[in-house]
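Notes follow once the structure below has been shown.
Only the coordinates and a few stated rules stand behind these numbers; no lab work does. This structure is a prediction, so every number in the text was calculated from the model and none was measured.
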Amino acid sequence: MVFCKKYFTNRGQDCYRYAMEERFYREQEIARLPAFLPAAPYNLAHTLLARAGNCLFVPVRSLQYMAVLDAEEFIFVDSQNKAWVELAWQHFRPQARASLDERVPFEVVHYLPAAAETMKRLSGEFHHALLQLAARQKPDTPATVTLLQPGSRKPHGGTSH
């Protein structure tokens with residue numbers, strides 16, 4: 001069983017914290033296969049997860065799936081079987097790569113028979129869903145740049161020339 005909480009806050013004067021609890025269940029593992037995730041979706045997923053906190057819900061609308069990400073694994077559930085994990089991506093090994101733009105090895109775990117077919121389409125669609133989620137989270141106000149002016153310093157002797 002996977003357990004994930006998502007918190008909501010109200011932006012008014014009073015701050016309320018609501019917790020949504022989601023529970024996901026797994027059948028017996030059918031297969032465990034090695035795979036690689038390209039650097040772009042891996043890095044973006046972890047950036048978004050860091051902003052979100054403990055877990056991140058990523059709707060993969062084109063496939064009618066929901067990805068649920070946490071520090072240990074990414075699970076994928078079908079909209080038809082919302083509580084049952086179809087497949088999971090586990091044991092990411094980013095330390096195996098020499099640079100941040102290299103792919104990351106991990107393991108794909110199949111729990112339902114449809115997982116092999118889903119996995120064929122999921123890699124590209126998952127990255128697209130992450131990009132859509134990141135675009136919605138961009139701040140409404142533009143960033144500002146503060147220029148730092150070097151201060152006038154006197155030489156160490158205490159005199160100026």
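How large is Rg over Rh for the stretch 74-131, taking Rg from the Cα atoms and Rh as the Kirkwood inverse mean of 1/r across Cα pairs? Before the final figure, lay out the partial values.
Values: Rg = 12.8 Å, Rh = 12.6 Å.
Taking Rh as the inverse mean 1/r over Cα pairs, Rg/Rh reads 1.01.
Taken one residue at a time, the phi angles of the stretch 125-132 give Karplus couplings (6.51, -1.76, 1.60, θ = phi - 60°) of 5, 5, 4, 4, 5, 5, 4, 5 Hz. Gly and Pro are set to x.
Kirkwood hydrodynamic radius for the stretch 43-144: how many Å is it when counted over pairs of different Cα atoms? Write down the numbers at each step before the final one.
On the way: mean 1/r = 0.0685 Å⁻¹.
After inverting the pairwise mean of 1/r, the radius is 14.6 Å.
Extension gain for GLN28-SER123 works out to 31.9 nm (0.36 nm per residue, less the C-alpha to C-alpha distance). Annotation: amide H of VAL60 within the under-5 Å range of TYR65, MET66, ALA67, sequence separation 5 or more or interchain, hydrogens built in the peptide plane.
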